[in-house]
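One structure is given below, encoded as structure tokens.
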Amino acid sequence: MPDEALPRCIDLLLAAASGVEATTTKVRYVIATLERIFESDEIPPAEDVDRNELRIASTLNGRVVVRGDFDALTGEMLLSALSNLTVPTPAPDGTPDSRSAAKRTADGFTELIRRYLDCAKTGMDGGQRPHVNVHINARDLAEHRDCATTPTDGGSVSDLDVGHMPWLGPLSVSQTRLLGCDCFLSTVLLDDHGAPLDAKPGKRLVTAEQRIALIARDKGCAFPGCTCVPAWTDAHHIRHWANGGPTVMNNLVLLCRSHHRLMHRKSGFVGKWEIRIGVDNKPWFIPPPSIDPQRHPRPANTTFTT
């Protein structure tokens, strides 16, 4: 830095650090600007990609802790990608979004990864595009969680399995069923000892043509009051395919990930929502008694009544 520029630089720093509107962000911005103006041969810390780190570790309770340190450009790309996915979303009745900023960011990050795995050119990993893989016995997938204490085949509760992920291990049956609604399914037949007998090519449970038809009918998430666009939805089986539910229009409905998870949630204090296809061949939603004691069916977003 030339000696004659030093007084002006000091004035800029003092101006950023003083006054009622002074913030660390303003001071940091002035410092970064001056560093760019008077560049040296050293790489600025904000642009040093060799310092980048991302640590991902599983915890004892099965969750995952992520900690990262990135250069400014990578951070800018991440913030840009998350921008529209972390905006507060009021409820249909106008109630403000109750999620904290950290929760909105986490939800946005989850959606970002899901879209990447669904749509991006991700390359090949072990002969196939990387995605979420879950292994589960077909009988256990069809069993309802509430019936697990009374097996119908004479077995014990310990005979019932759960889902297994190659990276992080056990996954609940209810979450496995949620993933099974709209997924790329590869069938592997196992013998009594769990050894593979045969493998069939993967197949998509909901075809491209069916999804186009669902978008034309539901226009997006069909849950009453939801404004989620079609690109952010899953095709949910009203009667799960593991329980014999067919992959046909009158057994399918588009739901955003939040409402899809709601439909797979076990009955609890709030109760469980149900979906039925009405005489108009459109989905109708039946609330639990805790929301509507009379359980009056509610039309989907695109169903209009007079």
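The values are calculated or read from the model by the stated rules, or taken from the named source; none is laboratory data. All values derive from a computational prediction rather than experimental measurement. Neighbour counts run over all protein chains shown; Cβ positions are idealised from the backbone, glycine included.
What pairs come out if I take residues in segment 68-87 that are closer than 20 Å to Ile56 by Cα and pair them with residues that are part of a strand (DSSP E or B) and among the aliphatic types (A, V, I, L, M) whose C-beta lies under 7 Å away, six or more apart or interchain?
Listed pairs, sorted by first residue: Gly68/Leu54.
Report every pair of residues separated by at least 6 positions or lying on different chains whose Cβ atoms are under 7 Å apart, first residue within segment 104-115 and of a type in the set (Val, Ile, Thr), second assigned to a helix (DSSP H, G or I).
Note: pairs meeting the criteria are Thr105/Leu82.
Given the criterion exposed (fewer than 11 other Cβ atoms within 10 Å of the Cβ), of a type in the set (A, V, I, L, M) and under 21 Å from His259 (Cα atoms), identify the matching residue among Ala101, Ala106, Ala57.
The unique qualifying residue is Ala101.
I'm told Trp284 meets every condition in (1) aromatic (Phe, Trp, Tyr); (2) part of a strand (DSSP E or B); (3) modelled with pLDDT under 90 except one. Can you identify the failing condition by its number?
Checking Trp284 against (1) aromatic (Phe, Trp, Tyr); (2) part of a strand (DSSP E or B); (3) modelled with pLDDT under 90, the one that fails is (3).
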